[in-house]
Amino acid sequence: MISIEVENIVKTYGKKKEVTALNDISFNVQQGELFGIIGPDGAGKTSLFRILTTLLLADNGKAAVDGFDVVKNYKEIRKRVGYMPGKFSLYPDLSVEENLNFFATIFNTSIKENYDLIKDIYVQIEPFKKRKAGKLSGGMKQKLALSCALIHRPSVLFLDEPTTGVDAVSRKEFWEMLKGLKQQGITISVSTPYMDEAGLCDRVALMQNGKILSINSPQGIVNDFAKPLWAVKSSRMLHLLNELKQTDFTANVYPFGEFHHVVMKDASLNNELKNLILARADDNAVIATVTPDIEDCFIALMKNINE
């Protein structure tokens with residue numbers, strides 16, 4: 001069963017519609033799936049989520065959540081979805097407990113009625129239930145916002161960059177919580193600029209400049225990377241980067257941590273790269289084949305579009 005259906009969605013901004021936030025976006029999300037929208041700031045992730053949660057109207061196209069049209073049936077959708085916006089949007093002057101009670105009341109429910117759904121999350125902030133929400137740490141705010149989004153037991157959960165600005169430990173804890181929610185049958189769509197989080201999703205859509213570059217499982221996206229990939233390093237990294245960019249055997253070269261990643265045009269040219277590195281007579285030089293990850297795939301897709 002399809003939980004989220006998006007067909008040819010277009011959204012523009014400006015008096016003359018000169019800024020295109022979403023450019024003919026289409027995809028489906030299956031019930032119970034953890035679906036990631038992966039892309040940098042400005043890719044169009046927030047505009048997409050605001051349309052799907054009935055907070056924004058698209059210029060063209062159509063979308064449905066749980067079979068309900070986002071325009072015609074917006075009241076039904078608002079009963080069924082949980083939404084956690086990228087910016088902390090709870091009431092900072094209310095306590096943790098007061099915020100949660102407020103959102104439960106809006107949906108004609110109570111903390112007690114749905115406590116089993118949020119228990120594993122809420123127990124981590126319950127010791128601070130009298131503290132004002134504005135005084136919580138980033139990780140605690142995140143857990144409170146998720147609890148408020150879940151308190152009415154939604155069937156579909158939209159999380160817009162939920163781990164941005166929180167520490168690595170909180171990020172890991174948050175994704176563990178999402179795994180638990182998925183096991184309870186909730187469909188989850190989460191957006192993130194962090195490429196390493198893509199591997200935690202069932203499927204991902206790589207998105208840039210309002211367009212979807214690829215939709216597949218994380219492993220499927222990696223499997224589509226067809227060219228040889230090498231990691232190289234030397235004592236003069238900037239000089240090496242410029243030198244490699246000027247060769248005729250590389251398809252792309254870019255910094256990647258302490259290495260440069262080199263995408264070869266063809267495997268038959270691998271010796272050309274090896275000879276270039278060895279000819280430098282650099283004792284610190286390193287050259288090795290590497291397996292691409294999601295970030296390598298995203299860069300390759302971007303290069304294909306821009307060429």
Remind me, relative contact order of the stretch 151-209 in percent, using alpha carbon pairs under 8 angstrom and six or more residues apart?
46
Compute the angle between helix 138-150 and the longest alpha-carbon principal axis of the chain, please, reported from 0 to 90 degrees and rounded to the nearest 10.
50
Too long for a 29 Å Cα-Cα cut-off, among 112/143; 15/132; 16/79; 62/135; 17/87, are 15/132; 16/79; 62/135
Stick to the Cα atoms of the chain, pair each with every other, and give me the Kirkwood hydrodynamic radius in Å at one decimal.
21.5
Using the charge dipole of the chain (Lys, Arg: +1 at Cβ; Asp, Glu: -1 at Cβ; taken about the Cα centre), state which of 262, 3, 55 has its Cα farthest towards the positive end.
55
If you filter the stretch 200-307 for chymotrypsin sites (Phe, Trp or Tyr not before Pro), then keep DSSP loop positions with at most 13 other Cβ within 10 Å, what is left?
none
Looking only at aspartates and glutamates whose Cα falls under 14 Å of residue 45's and that sit 8 or more positions away or on another chain, we get 24, 160, 161
How high is the relative contact order of the stretch 85-144, in percent, with contacts defined as C-alpha pairs under 8 Å that are six or more residues apart?
51
Mind telling me which of 242, 73, 23 comes out most flexible in a GNM of the chain, alpha-carbon contacts under 10 Å?
242
Where the only charges are on Cβ atoms (+1 Lys, Arg; -1 Asp, Glu), what is the dipole of the chain about its Cα centre, to the nearest 20 debye?
1040
Ranked by GNM mean-square fluctuation in the chain (Cα springs under 10 Å), the top entry among 21, 251, 198 is 251
Using 0.36 nm times the number of residues separating residue 237 and residue 269, minus their current alpha carbon distance, what extension gain do you get?
9.4 nm
Would you mind computing, in nm to one decimal, how far apart the modelled labels at residue 279 and residue 196 are, each placed 7 Å from Cα along Cα→Cβ?
3.7
Between residue 101 and residue 17, what length comes free when the chain is fully extended (0.36 nm per residue of separation minus the Cα-Cα distance, one decimal in nm)?
26.2 nm
Take the Cα coordinates of the stretch 226-291, assign each an equal point scatterer, and use the Debye formula without solvent to give log10 I(q)/I(0) at q = 0.20, 0.28 Å⁻¹.
-0.70, -1.48
In the stretch 1-75, which trypsin sites (Lys or Arg not before Pro) are in a loop and have at most 12 other Cβ atoms within 10 Å, using DSSP for the loop call?
15, 16, 17, 72
For the stretch 163-252, take every pair of Cα atoms, bin their distances at 10 Å starting from 0, and report each bin as a whole percent.
12, 31, 29, 21, 7, 1
Evaluate the charge dipole of the stretch 226-291 about its Cα centre and quote only its size in Debye, nearest 20, assuming +1 on the Cβ of each Lys and Arg and -1 on the Cβ of each Asp and Glu.
80
In percent, what relative contact order does the chain have, based on Cα pairs under 8 Å that are 6 or more apart in sequence?
19
Farthest towards the positive end of the dipole of the chain, among 170, 136, 187 and with Cβ unit charges of +1 on Lys and Arg and -1 on Asp and Glu, lies the Cα of 136
GNM top mover of 109, 20, 247 - the chain, alpha-carbon springs below 10 Å:
247
Which value in deg cm²/dmol, rounded to the nearest 500, describes the helix-derived mean residue ellipticity at 222 nm for the chain, given -39,500 (n - 2.57) per DSSP H run of n ≥ 4 and division by the residue count?
-9500 deg cm²/dmol
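Where a number appears in this text, it was derived from the coordinates with a stated rule and is not lab data. On a predicted model such as this, the values are computed, not experimentally measured, just so you know. Ideal geometry is used to build each Cβ from the backbone, glycine not excepted, and the neighbour counts take in all protein chains shown.
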